[in-house]
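Undergrad: Below you will find the structure I want to go over with you.
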Amino acid sequence: MAKETTHPADLFQVASRAGATVGEIEVIYRQRFNRFVRVAQAITRSRETAVDAVQEAFASVLRNRHSYRGSGSVESWVWSSVVNAARQTVRQVAAAPLRDPEGPIDANGAGDDDRLRLLIAALPERQRLVLFLRYYADLDYRAIADALALEIGTVGATLNQAHGNLRRLLAEVSN
């Protein structure tokens, strides 16, 4: 039996009769959709899968909008849902294997984007997620902390570890 999904735009109309934070959610969806897809794509490694994950996340957010507790911003709460939906998608669908692209990378990280993606993929999951949310979504430390249920200090430390690990991996590749 095929899984029936409702497009988020349809849910906005249905949910608008109930009130709550539907207006905020709709604004976030419209303003940040491309960023959500970009981060989800970094997690899932597929644009099509990323779009599906973002739409599933928003459908879930709308269905569960009354469970928003008010801790952190609504946008951070939505980011958490998008990240979780993308991670769940990766668990359900085998991710495409990464190929080892040709081409050099210099010590400053310049070079083949595919190779850099490989190096980022080699990082632990929390480091990857913090990098994605910081640089792909341009979130500040507080929003990242809220989205991933971390302390702000942990976000900073994790980002620092990710940078250090990437420098080390780049040095290994260069040698």
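Every number in this text was worked out from the coordinates using simple rules, so none of it is lab data. Being a predicted model, the structure only gives us computed values, none of them experimental. Note: ideal-geometry Cβ built from the backbone for every residue, glycine included; neighbour counts use all protein chains shown.
Undergrad: Using r as the Cβ-Cβ distance of Ser174 and Arg47, and R0 as 45 Å, what FRET efficiency do you calculate, to the nearest 0.05? Each step should come with its number before you reach the end.
TA: Values: r = 30 Å, r/R0 = 0.67.
Once the sixth-power term is evaluated, E becomes 0.90.
Undergrad: Could you go through the range 78-87 in sequence order and give the Karplus-derived ³J(HN,Hα) for each residue, using 6.51 cos²θ - 1.76 cosθ + 1.60 with θ = phi - 60°, rounded to whole Hz, and x for Gly and Pro?
TA: Each residue's phi maps through the Karplus curve to give 5, 4, 4, 5, 5, 4, 5, 5, 5, 5 Hz.
Undergrad: For the range 33-41, take each phi angle, set θ = phi - 60°, evaluate the Karplus expression 6.51 cos²θ - 1.76 cosθ + 1.60, and give the result in whole Hz per residue in order, putting x for glycine and proline.
TA: Karplus values, whole Hz, x for Gly and Pro: 3, 4, 5, 4, 5, 4, 5, 4, 5.
Undergrad: Can you work out the FRET efficiency for the pair His66 and Ala157, with r the C-beta to C-beta distance and R0 = 30 Å, to the nearest 0.05?
TA: Details: r = 34 Å, r/R0 = 1.14.
Plugging the Cβ-Cβ distance into 1/(1 + (r/R0)^6) gives 0.30.
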